Each structure stands twice: as structure tokens, then as C-alpha cells.
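Nothing in this text is a laboratory measurement; each read-out follows from the coordinates by a stated rule. Source: prediction; values computed, not measured. Positions of Cβ are backbone-derived with ideal geometry, glycine not excepted, and every protein chain shown enters the neighbour counts.
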Amino acid sequence: MSDWLLIDGVRRLLGDTCTFEVVQAAEAEGWSPSVWDAVAGAGFASLSELPLADALAVVTVAGEHAAPVPLAEAVLAAWLLDEPVSGPVSVAPAGELRLEGGRLSGTAVRVPWGHAVARIVAVVDGQAVVVPVASAARFARGTNLAGEPRDALVFDCAEPEDTRPAACDLRERGALTRAALMAGALTAMARLTVAYARERRQFGRPIASFQAVQQHLVAIAQEASLVGVAAEGAARVPGSFEIAAAKVVASRAALTATRAAHQVHGAIGMTQEYRLHHFSRRLWAWRNEYGDEQHWAARLGSTVAAAGADNLYPAVTGGSAVI
Amino acid sequence: MLFAPADLTEQELELQREVRAFLAKELPRGTFTPGLGMAAPRDPTFSAKLAHRGWLGMALPTRYGGHDRTAVDRFVVTEELLRWGAPVGHHWVADRQTGPVINRFGTEEQKQRFLPAICRGELSFAIGMSEPEAGSDLAAVRTHAARVNGGWLVNGTKLWTSRAHESDWFVVLCRTGDDSGDRHGELSQLIVDLRSDGLTINAISSLSGHREFNEVVLEDVFVADELVLGEIGGGWAQNTSELAHERGGPERWLSTYLLLEELMRSRSELFDAERAQLMLGSAVARWWAIRRLSLSVARMIDSGEAPAVQSALVKEMGTRFEQDVLACVQELVALEPVRDEDSPFERLLFEAVLSASSFTIRGGTNEILRSVASKGLGVL
């Protein structure tokens with residue numbers, strides 16, 4: 001059972017700090033010291049010490065507020081090392097890296113907030129390697145669709161602070177954090193869109209009174225609910241089946257629900273001035289990170305197919321306990 | 001959060017194992033003709049076997065022959081029966097909705113008269129809601145019951161009454177008021193014997209050629225006072241409560257499940273291709289997630305909530321998904337199915353192609369469900 005007191009605390013904290021202006025500014029500047037300091041000051045940065053389901057509940061809240069700090073990465077780093085990590089830390093999702101004589105060389109790509117964190121965790125040949133960002137020979141800043149920093153770091157015989165066998169599968173657990181973030185972003189998007197439809201008047205009445213608009217609102221609520229229970233289910237039992245299934249439905253919802261939300265908002269939703277893009281752009285970015293719908297569906301499908309027809313329904317109900 | 005997280009307890013998992021073992025023993029594959037979810041054939045002998053195991057009327061009180069179990073227990077049994085394609089037709093309506101509604105609104109005499117027989121799998125019920133002029137707009141029913149000595153004289157026509165010709169009773173939604181203009185306040189529910197004098201059942205062939213639908217014409221049918229269900233004038237609220245039992249359950253997302261399982265069984269080589277694996281993985285992910293929503297609805301019922309909005313959301317999404325599964329299967333297999341094939345897959349495909357359009361209509365059209373849901377979402 002999740003620690004609701006803690007999660008409510010995070011929700012309040014992020015609700016207070018991740019205002020529209022702060023999230024907007026973080027995109028321009030590539031970092032939000034005010035949000036990170038608030039999070040660190042409240043002790044939530046040691047999320048790594050939380051049980052997995054609680055840590056993911058916090059990640060979902062971060063998605064709900066489009067929090068411009070690497071909370072998901074802090075959680076992921078701790079899982080990889082099986083130990084809490086202090087200070088701002090990120091994780092290299094991919095790259096071409098090698099260990100030679102214990103030293104790290106090569107390129108880590110698409111590292112969230114790579115330029116702004118103190119250290120990163122990379123997985124090389126099954127080893128989780130912790131290196132200070134300062135030890136990178138050079139780096140190139142980049143962003144994802146949402147304008148979140150996704151940087152490339154080049155290492156040339158960098159000395160790791162720590163090297164140990166990775167305690168979990170990077171791609172699976174990375175996908176798990178993205179499903180949790182997406183569940184939060186979908187919840188926020190559903191709420192925002194209902195509020196907008198009630199407020200916005202055309203033809204002399206709120207657009208929410210039109211059945212055609214209501215149908216969009218219901219579709220968003222359905223997808224948000226579906227991803228919510230899927231992410232929650234994968235957090236309870238973080239097996240290969242559950243993670244794959246959660247990322248499949250989340251990545252699909254990122255397309256269908258954002259399409260409906262933008263349709264309801266009309267032109268204002270297409271601007272930087274209005275909050276919708278904080279969620280829709282993140283959903284579009286996160287749907288691809290750590291594997292998209294096709295990647296996980298094919299992987300899940302090949303496992304299910306190999307288990308055979310007799311195990312199909314047991315798999316639907318029992319997930320990774322069965323296959 | 002609209003849906004609280006829900007998992008099965010160890011006891012519920014044990015029940016799931018029992019049902020699976022029972023089906024494997026009593027109804028081995030290849031020894032019966034499986035159906036598409038709740039449209040599966042009727043088999044009173046099979047219903048009696050389920051009753052013997054205590055799997056009918058599960059959530060009804062033991063003093064009326066029920067088992068004082070939960071909506072989740074019933075969910076566990078039901079999903080296994082449906083995914084197996086088991087012949088649930090005989091007891092389906094009585095077990096799902098009429099039993100619970102009589103238990104909730106019925107008199108002591110009605111409970112003693114009907115519930116034990118429902119729990120034994122003996123009595124079968126049909127649904128007397130739709131009419132020629134009252135489809136989605138149920139409050140427009142015209143069937144009228146006039147007060148007479150000792151009861152009511154009913155006149156009108158019910159339509160789309162599935163299995164009326166094979167059932168014993170149906171619960172009729174009708175007008176008992178004096179046309180005061182109160183659309184909801186003058187509605188009542190009567191429990192009507194389908195063999196009553198003055199009652200005629202006319203077959204309506206469905207497009208698949210099955211006898212399933214009926215038109216039930218009531219001409220001066222006498223219904224005694226003791227067969228009034230609940231309050232005179234309380235029919236609308238009771239009927240709404242009955243509909244909550246009709247929506248959100250596994251029958252709303254499992255209708256085409258067996259089609260995919262049988263495809264895997266009969267043409268496993270298809271699933272060596274990545275395209276098929278992708279489609280299979282996609283479907284399984286969605287079944288897994290929708291099932292969690294549906295299970296959450298059952299838990300809400302057990303905690304005394306009335307999850308009308310959640311049920312509507314699940315049914316609307318689940319039935320579209322059922323149609324999506326069929327579409328995916330048709331994309332994978334280039335085959336025009338023909339009737340009376342030996343292959344269970346082809347037979348189910350034939351049935352599915354001809355019946356899938358009804359999935360998003362029966363039990364409330366998706367358009368109406370979206371309106372129900374949007375009201376509950378605080379949209380207006």
C-alpha cells in the first residue's frame with residue numbers, strides 16, 4: 001500500500017513550485033534550481049530509499065505537474081545501483097560506451113538533464129557505472145519534443161566513482177518510470193481539458209455542453225484511467241509482462257488522448273501561452289523513450305505466443321507470475 | 001482517481017484455480033461448441049452443474065439459496081466461463097441482474113419464490129426493457145399496466161427480447177401512472193410469466209440467422225399484485241440500478257477473446273511473424289489493463305458504492321476493444337468465413353463478423369454511455 005501522506009506532500013510541494021511560469025522558464029534555461037532545491041530541501045530527493053511502488057507514485061505526481069527536474073532518473077539510478085544516490089543524478093538511456101581497465105569511454109546519448117546533474121549512471125556490459133559529469137571530455141546539449149534536456153556526454157578514459165553489477169534491467173525499469181510519468185501527465189491533461197471545456201463559451205454556451213466535445217472528454221478520461229491502473233499494476237508487480245503492457249497502453253494513450261485534448265482546446269492549445277503543451281509534448285516524448293508501443297507490444301507478443309494458446313488467458317490474469 | 005487499484009486476494013486466486021480445473025474436467029475443449037462470451041448457447045444441465053458448485057447467485061444471501069459471496073468472486077467465475085466459451089445462456093440474465101435486483105427490491109415472498117430457483121440454475125429470465133419507441137430512451141416505454149382487482153392488466157409490446165422464447169420470466173418496465181407527464185415517476189417493474197395468457201412471443205431473426213431476438217406482445221396480461229417488483233412508481237430508479245449490473249463486467253471486453261485464442265491454437269505458425277506478435281502483444285496489454293478497470297468496478301460494488309460512471313466508461317471502451325480484436329484478427333487472416341466449419345476458429349470468426357456490430361449497442365449504446373459518463377465526470 002502506498003504512503004499517501006508522503007505522496008500528498010509531494011503533490012502539494014510540486015503543485016506549489018511547478019507553476020506555469022516556472023515550467024516555462026525551465027525549458028528556456030534547461031534547469032529549475034528552485035524546483036530542485038525545494039524537492040531536495042524537503043528530502044524527496046532521496047526517493048531512492050522508498051519502496052518501489054511509493055517511488056513510482058512520486059514519479060506519477062512529477063508527471064502530473066510536468067516537474068522540470070530528474071525525479072524519475074533519481075529513482076532509476078537507485079534501482080540500478082540498489083542503493084540511494086545523493087545529489088542530482090541522471091541515467092544514460094543509451095549510447096556507445098565501453099569499460100577499459102575500469103575506465104569509461106564512448107558516448108552517452110539522450111541523457112536527461114545531463115549538463116545539470118552532478119553525476120550519471122550508465123549501464124555498460126551489465127555493469128552500472130557511476131561517473132561525475134565533470135569527468136566528461138565534452139558534451140552537447142539537446143532536448144526532447146517537450147524541451148526537456150536530453151544531452152550527449154562524451155567520455156575519454158573517465159574514472160568512475162563506482163562500478164557494480166546493474167541491479168535491474170535498464171530498459172524495463174526506464175519504461176516503468178515513463179509509464180508512471182505518463183499516467184500523471186494524462187491525469188493532469190484530463191483535468192485541464194474538462195476545466196477548459198466548462199469555461200470556454202461558443203455559440204452562447206460552454207463548449208462542454210456539446211455532445212461531440214463531451215465524447216472527447218470521455219475518451220481522455222478513459223485513456224487516463226486505463227494508463228493509471230496499468231502503471232499502478234506494474235508498480236505493484238514490476239515484472240517484464242506488466243512493464244511491457246503498461247508501456248504499450250501508455251504509449252498508445254499518448255497519441256489518442258492528446259489528439260482529443262488538443263481538439264477540445266482548439267487554437268489556444270497550440271500556443272506556448274497555455275499549459276496544455278506542458279503535458280501533450282511530454283506525452284509525445286515519453287511515448288518513445290525506453291521503447292515505444294511497437295517495441296513493447298512485439299516483445300510481449302513474442303513471449304505470449306511462445307507460451308501458447310492454453311496460457312493466453314492465464315497470462316492476461318496472472319502476468320509475469322505465469323509467463 | 002476514478003478507479004482504485006484492485007488485485008485478487010489469495011482466496012480469490014484459489015477460486016480462479018477451482019473454476020479452471022472444473023472447466024477443464026467438465027467441459028474439455030473439443031467436446032462442446034464454444035460461444036462468443038455471453039452469446040454462448042444455453043445448456044440448463046451445465047447451469048445446474050455450476051449451481052451445484054455454488055457458482056450461481058454467488059452474491060445472494062444464503063437464506064435464499066445464495067452464497068453470501070462478493071461481486072469480485074462472481075467476477076472471477078464469470079470471466080473464466082466467458083473466456084472458455086462456456087454455455088452460460090440459460091442462467092445469464094437471472095444470475096447477473098434479475099437475482100440481485102429481486103434481492104434488493106423484492107418482497108420477502110418474491111425472494112423466497114425466485115431466488116432459490118435462480119441459484120439452482122432452474123429459472124431463466126429475459127429482459128423486458130426495450131420497445132419499438134423506446135431504445136436508448138428507455139423512459140419513453142409505452143407498455144402500460146392498468147389497476148384491476150388484485151393486480152394489473154398489462155398491454156404493450158417489448159422488443160429485442162433476447163431468449164424470451166427459451167426463458168421462464170421477464171421483468172417488464174412499464175407505465176403505471178395516469179400520463180401525468182412525469183416521464184420517470186410513473187414507471188414500475190413487474191415480474192411477468194412468459195407463459196401468461198395474452199402473451200405472444202414472435203421471433204425476429206437476427207442478421208446471423210439465429211433465433212435470438214423476439215418481440216413480446218402483451219394483450220390484457222394479468223399480473224398479480226404480488227409480482228410487482230419494488231415500489232409502484234419506483235421503476236426508473238430500480239431499472240437504473242439494474243443497468244449498473246449490466247455494465248462494466250467481463251462480458252463487455254471478452255466477447256472476441258476466444259477468437260484470438262483459437263487462432264493461436266489452430267494456426268500457431270502465424271505468430272512466428274513479428275506483425276502477428278505485435279498485434280497479440282497489443283491486445284494482451286489492453287486486456288490486462290481493461291480487466292484491471294473492470295475488477296476495480298466489482299470491488300466498488302462490494303464496498304457499497306454505485307459505480308455507474310465507471311461501468312459506463314468500461315463498457316464503452318471494452319466493447320470497442322472487442323471490435324478492434326476482431327478487426328486485427330481479420331487483418332491477420334485473409335479468410336472469408338463460412339458457416340458450419342469444423343474449425344472452431346472459423347466458426348467463431350463467422351459468428352463474430354456477423355454479431356460484432358451489436359457489441360457497442362446491446363445494454364446501452366456507446367453514444368448514450370458517453371453521455372452518462374460525461375455527466376459523472378463533472379463536465380456539466
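Report the extension gain between residue A:25 and residue A:202 in nm, rounded to one decimal, defined as 0.36 nm multiplied by the number of residues separating them, less their alpha carbon distance.
Details: separation 177, 0.36 × 177 = 63.72 nm, distance 3.21 nm.
60.5 nm is the gain from fully extending residue A:25 to residue A:202.
Over all distinct alpha-carbon pairs, what is the Kirkwood Rh of segment A:89-188 in angstrom? Taking every pair of different Cα atoms in segment A:89-188, averaging 1/r and inverting gives 13.9 Å. Projecting the Cα atoms of B:187, B:209, B:229 onto the dipole axis of segment B:127-235, where Lys and Arg carry +1 and Asp and Glu carry -1 at the beta carbon, places B:209 farthest toward the positive end. The GluC sites (Glu not before Pro) of segment A:143-237 that meet both conditions, a loop assignment by DSSP and at most 14 other Cβ atoms within 10 Å of the site Cβ, are A:161. In segment A:4-81, Rg over Rh equals 0.95, where Rg is the alpha-carbon radius of gyration and Rh the Kirkwood radius from pairwise Cα distances. Annotation: average projected area of chain B is 19.3 square nanometres, based on the convex hull of Cα atoms across all directions. Measuring nothing but how far apart in sequence close Cα pairs (under 8 Å, 6+ apart) lie, relative to its length, chain A scores a relative contact order of 15 percent. Ellipsoid semi-axes for segment B:127-235, based on the Cα gyration tensor and the rule √(5λ), read 23, 16, 10 Å when sorted largest first. In the elastic network of chain B, a GNM with C-alpha springs shorter than 10 Å, the most mobile of B:311, B:282, B:47 is B:282.
Relative to the Cα centre, what is the charge dipole magnitude of the protein assembly as shown, using +1 at the beta carbon of each Lys and Arg, -1 at the beta carbon of each Asp and Glu, and rounding to the nearest 20 debye? Working shown, then result.
Values: 67 positive and 87 negative charges, 153 e Å.
Charge dipole of the protein assembly as shown: 740 debye, to the nearest 20.
Just from its helices, what would the mean residue ellipticity at 222 nm be for chain B, if runs of 4 or more DSSP H residues each count -39500 (n - 2.57) and the sum is divided by every residue, rounded to the nearest 500 deg cm²/dmol?
Values: 11 runs with 158 residues, N = 380.
So the helix-based figure for chain B works out to -13500 deg cm²/dmol.
Eigenvalues of the alpha-carbon gyration tensor of segment B:247-376, scaled by 5 and square-rooted, set the equivalent ellipsoid semi-axes at 30, 16, 12 angstrom, largest first.
By the Kirkwood approach, averaging reciprocal distances over each pair of separate Cα atoms, segment A:170-321 gets a hydrodynamic radius of 16.2 Å. Over all pairs of different C-alpha atoms in chain A, the reciprocal of the mean inverse distance, the Kirkwood hydrodynamic radius, equals 20.3 Å.
Considering helices alone, the calculated mean residue ellipticity of chain A at 222 nm is -17500 deg cm²/dmol, with DSSP H runs of length four and up weighted by -39500 (n - 2.57) and normalised per residue.
Dipole check for chain B: with +1 at the C-beta of Lys and Arg, -1 at the C-beta of Asp and Glu, and the Cα centre as origin, the magnitude is about 600 Debye. Here the mean projected area of the convex hull built on the C-alpha positions of segment B:10-123 is 6.4 nm².
The mean number of partner chain beta-carbon atoms within 10 angstrom of a residue's beta-carbon across peptide B:5-14 is 2. Under a Gaussian network description of chain B, with springs only between Cα atoms under 10 Å, the residue in B:31, B:200, B:78 that fluctuates furthest is B:31.
Comparing B:98, B:146, B:297 along the charge dipole axis of chain B, the residue lying farthest to the positive side is B:297, per the Cβ-charge model. Taken along its three principal axes, the alpha carbon spread of the protein assembly as shown comes to 96, 60, 48 Å, from the longest extent down to the shortest. The residues packed around residue B:276, meaning those with a beta-carbon under 12 Å from its beta-carbon, carry a net charge of -2 if Lys and Arg are +1 and Asp and Glu are -1.
Within chain B, count lysine pairs with alpha carbon atoms under 30 angstrom apart where the residues are 8 or more positions apart or belong to different chains.
Values: B:25/B:49; B:49/B:111; B:49/B:315; B:111/B:158; B:111/B:315; B:158/B:315; B:158/B:375; B:315/B:375.
Within chain B, the lysine pair count is 8.
When the Cα positions of A:104, A:127, A:142 are compared along the charge dipole of segment A:89-165, A:142 comes out farthest toward the positive end, with charges on each C-beta of Lys, Arg, Asp and Glu. Between B:340, B:272, B:225, the residue with the greatest mean-square fluctuation in the GNM of chain B (Cα pairs under 10 Å linked by springs) is B:272.
Electrostatic bookkeeping for residue A:272 treats Lys and Arg as +1 and Asp and Glu as -1; over the other residues with beta carbon under 13 Å from its beta carbon, the sum is -1.
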